[in-house]
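Notes to accompany the following structure.
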Amino acid sequence: MNIIQRNFFRLIRIGAFEQKEQMEPMSVYKWGQLYQLAVMHNVAQYVYNGLLLCKDQFFLHLTDKQWQTWENTIREIRKPSNDTEEEADVFLRADQLTNPLLNRRLQAILDDEQSDIRTRQLLLTMIRVARHILNKGIPIRQLVDLGIFLRTEGDRADFMTLEKWLKTLRLQQVAKLESSLLIELFGFEKEEMAFAGGKKDKNVEQVVQELIEFTNTHVKDFYFSQDADNIFVHTSNGSAMLGHIRRSARYFRYFPSETVTNFFASFAHSLSHIEE
């Protein structure tokens with residue numbers, strides 16, 4: 001990780017999980033880059049909380065204009081909104097899997113009103129992280145949500161039932177990866193990762209580096225479009241599909257049953273963006 005990324009994750013650990021951290025010195029320009037990173041990954045509130053908690057640290061130097069920018073951003077975030085908290089892209093809904101067999105099993109789990117609701121919520125949060133890894137790259141906001149849920153509600157979840165569900169949905173390796181990301185990025189302890197057997201994925205450092213490599217390619221670049229004066233269908237970014245293929249291949253070992261169907265479902269979903 002570079003210094004911007006290191007300070008970025010430090011501030012999340014401080015603002016979201018109340019950990020004690022010391023900032024590394026950065027230029028005004030790099031603090032501006034960190035702000036953009038926080039907004040892009042939808043974790044501005046947590047990063048801002050971290051900034052406030054370590055405002056008096058010697059190496060934390062933001063200009064008055066930068067503080068004002070942060071305050072304006074947080075003010076906008078806190079404004080009442082009629083928007084629901086559902087996933088903006090319906091394709092990434094956590095209560096659906098693209099593999100038909102696994103999706104039937106998931107629906108059976110969600111329809112079982114006798115099971116613990118917190119455990120079901122934890123399962124959906126983990127699925128949301130997995131789907132983002134397959135389709136968008138590093139799911140920082142979703143990982144933070146998972147971490148907060150574990151810290152606030154985890155002690156009341158039924159981990160034995162969760163482990164059974166993870167096995168039923170073939171999510172054991174994904175669970176191990178997610179727990180390893182929480183340990184590596186947000187300072188969680190192995191003992192807190194009961195749902196993954198408390199084990200750390202041996203390849204997590206490589207995975208973290210792959211996931212946090214910043215690119216300007218967004219998932220929307222994978223969508224197909226059609227110009228009004230052109231009969232040919234094309235992607236908005238020529239390398240987006242190749243990137244999606246590489247990501248699917250890279251994480252195939254973690255969720256093989258879902259990865260292949262997810263890719264083709266993504267392809268079919270992208271076709272919906274073509275004008276009739």
For this session: Can you work out the accessible area per residue across the range 95-153, with the rest of the protein chains kept in place, probe 1.4 Å, in square angstrom?
Result: 41 Å²
For this session: Sort 78, 6, 131, 170 by accessible area with a 1.4 Å probe, largest first.
Result: 78, 170, 6, 131
Problem set entry | Pairs of lysine residues in the range 6-162 - Cα separation under 19 Å, sequence separation of 8 or more or cross-chain | 4
Exercise. If you average the sequence gap of Cα pairs under 8 Å that are 6 or more apart and divide by the length of the range 1-132, what percent do you get for the contact order?
Worked result: 21 percent
Seminar exercise, completed: Taking a probe of 1.4 Å and leaving out DNA, RNA and ligands, the range 1-46 shows per residue an accessible area in Å² of 49 Å²
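The values are calculated or read from the model by the stated rules, or taken from the named source; none is laboratory data. Keep in mind the model is a prediction, meaning the values are calculated, not measured. Ligands, DNA and RNA are excluded from the accessible area calculation, which covers all protein heavy atoms including side chains. Shrake-Rupley method; radii C 1.70, N 1.55, O 1.52, S 1.80 Å.
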